[in-house]
Amino acid sequence: MSFLNDTKFQFAVFLFTGIPGQEDGQFWISILFCFVYVIAIIGNSVILFIIKTDQSLHEPMYILLSMLAITDLGLLLSTMPTILGVYLFKSREISLSACFAQVYLMHSFSLTESATLLLMAFDRFVAIRDPLRYTSILTPVRITKAALVVVVKSVSLMFPYPFLLKRFQYCRTNVLSHSYCLYQDVMKLACGDITVNSIYGLSLKFITVFLDITLIFLSYVMILKTVLSVTSRTESLRALNTCVSHLCAVLLFYIPEISLSMLHRFGNSSSHFPQIVLGYIYVLVPPLMNPIVYSVKSKHFRLRIIRVFYK
């Protein structure tokens, strides 16, 4: 393995990948991505603006919704510049250090979003299980402290990622499977034993994403149990209706995230097309759809948006 120490095998840059076989349609793909990018930025910015300016929305549910919008914006801003660079300017290169920084930012925002969805599930659980004590249990101060804990936990747990990648040389190939740097994708290009990286990555998934999903599932089991104990069918449906937006956000985030992780770890490496498509869904669909879902399902919030644009 002496060749690993030979600097002539060390690549100085990574190369991004577009959609295979769609080189002639890159212009139209870039138009689509730009449209989605702009709409997602506007949608999440409007959510934040309305929640900040409307005092009646300074409640736990909307504070958490603003946190979700911030993480969605962070996920977009940490990945879309390189995606648009590939399709608009044919800029496929990224330095190793910049790639490791993107890995850290992207996964930190992803981990924060997962924890935010868990906090939102707890919010729905308290609102349905104990509505009379809702405002006394979930005070703005407690929600703010919980949000701070989530952010500190995410950035701390992700801190080793760039250093675990930086310790390797990259001498086999420098072509990534996506138009942005993903931890599992970069890790596969390393020349060396990646056992530590794999163990840490899997452990982190288990104690964060898997645990978040489990707790969200248990929250909805308790919510369903509470709703079924209500004698009035109308009240039961009204209570469940308050959870629809959050359930949509959970599905939009976790299905692509889990599918992409499974494909990278256990999928067929000969075909990158499913990984590429899921990668775009993972970073584009939740930030695009979350503002739409919450605006459509919340009449109170929808009226505030209409009032802002009317003015």
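The values are calculated or read from the model by the stated rules, or taken from the named source; none is laboratory data. Quick caveat, the model's predicted, so the values are computed rather than measured. Please note: Cβ atoms are built from the backbone with ideal geometry, for glycine as well, and neighbour counts cover all protein chains shown.
Out of everything in the stretch 181-240 that is assigned to a loop (DSSP other than H, G, I, E, B) and in contact with a Ser or Thr (Cβ under 7 Å, 6 or more places away or on another chain), what residue ends up being surrounded by the most Cβ atoms within 10 Å (Cβ to Cβ)?
Initial filter on the stretch 181-240 (assigned to a loop (DSSP other than H, G, I, E, B)): 181-182, 188-190, 192-194, 229-232.
Those still in the list that are in contact with a Ser or Thr (Cβ under 7 Å, 6 or more places away or on another chain) too: 189, 230.
On the way: LEU189: 20, VAL230: 14.
Residue satisfying both the conditions and the ranking: LEU189.
Would you tally the residues in the stretch 163-172 being closer than 29 Å to TYR87 by Cα, surrounded by fewer than 22 Cβ atoms within 10 Å (Cβ to Cβ) and in contact with a Phe, Trp or Tyr (Cβ under 8 Å, 6 or more places away or on another chain)?
Going through the stretch 163-172 one residue at a time, the tally reaches 4.
For the structure I just gave you, tell me whether TYR87 is under 21 Å from the mean Cα position of the chain (by Cα) and either under 30 Å from ARG133 (Cβ atoms) or buried (at least 16 other Cβ atoms within 10 Å of the Cβ) (or both). Break it down into steps so the answer makes sense when it comes.
On the way: under 21 Å from the mean Cα position of the chain (by Cα): no; either under 30 Å from ARG133 (Cβ atoms) or buried (at least 16 other Cβ atoms within 10 Å of the Cβ) (or both): yes.
Criteria not met by TYR87.
Only one of these is among the β-branched types (Val, Ile, Thr) and more than 25 Å from ALA98 (Cα to Cα): VAL221, VAL151, VAL175. Name it. Step through it out loud before you land on a result.
Working: VAL151 fails: more than 25 Å from ALA98 (Cα to Cα); VAL175 fails: more than 25 Å from ALA98 (Cα to Cα).
Exactly one of VAL221, VAL151, VAL175 is among the β-branched types (Val, Ile, Thr) and more than 25 Å from ALA98 (Cα to Cα), namely VAL221.
Just need a number here: residues in the stretch 253-264 that are surrounded by fewer than 20 Cβ atoms within 10 Å (Cβ to Cβ) and within 12 Å of the chain's Cα centre (by Cα).
Qualifying residue count for the region: 3.
Where in the stretch 90-174 are there helices (runs of 4 or more DSSP H), lying wholly inside it, with at least 2 residues that are closer than 30 Å to LEU228 by Cα and touching a Ser or Thr at 6+ places or on another chain (Cβ under 8 Å)?
Working: elements: 96-129, 134-137, 140-158, 160-166.
Filter on the stretch 90-174 gives 96-129.
Which residue, of ILE276, ILE281, is in contact with a His (Cβ under 8 Å, 6 or more places away or on another chain), within 19 Å of SER78 (Cα to Cα) and either among the acidic types (Asp, Glu) or assigned to a helix (DSSP H, G or I) (or both)? Don't jump to the end; show me each part of the working.
Numbers: ILE281 fails: in contact with a His (Cβ under 8 Å, 6 or more places away or on another chain).
Criteria check complete, one pass: ILE276.
Take the residues of the stretch 129-157 that are more than 17 Å from TYR62 (Cβ to Cβ) and of a type in the set (A, V, I, L, M, F, W, C): which is surrounded by the most Cβ atoms within 10 Å (Cβ to Cβ)?
It comes out as VAL151.
Taking ASN290 as the residue in question, decide whether it is in contact (Cβ under 8 Å) with a residue 40 or more places away in the chain, more than 25 Å from SER78 (Cα to Cα) and out of contact with any Pro (no Cβ under 7 Å at 6 or more places or on another chain).
Details: in contact (Cβ under 8 Å) with a residue 40 or more places away in the chain: yes; more than 25 Å from SER78 (Cα to Cα): no; out of contact with any Pro (no Cβ under 7 Å at 6 or more places or on another chain): yes.
Taking the combined requirement at face value, the residue does not satisfy it.
Cβ contacts < 8 Å: first residue free of Cβ contacts under 8 Å to residues at least 60 places away in the same chain and on the phi < 0 side of the Ramachandran plot, restricted to the stretch 166-178; second residue part of a strand (DSSP E or B) and surrounded by 14 or more Cβ atoms within 10 Å (Cβ to Cβ), any location; separation 6+ or different chain. Result?
Short answer, once both residue conditions are applied: PHE168/CYS191; ARG172/CYS191.
Assess whether ILE63 counts as being modelled with pLDDT of 90 or more and touching a Leu at 6+ places or on another chain (Cβ under 9 Å). Lay out the reasoning, then the answer.
Values: modelled with pLDDT of 90 or more: yes; touching a Leu at 6+ places or on another chain (Cβ under 9 Å): yes.
Against the criterion (modelled with pLDDT of 90 or more and touching a Leu at 6+ places or on another chain (Cβ under 9 Å)), ILE63 qualifies.
Of all residues in the stretch 110-143, which are of a type in the set (A, V, I, L, M, F, W, C) and without any contact (Cβ under 8 Å) to a residue 40 or more places away in the chain? Before you say what the answer is, go through the steps one by one.
Taking the stretch 110-143 first, the residues of a type in the set (A, V, I, L, M, F, W, C) are 111, 115, 117-122, 125-128, 132, 137-138, 141, 143.
Residues satisfying the conditions are VAL126, LEU132, ILE137, VAL141.
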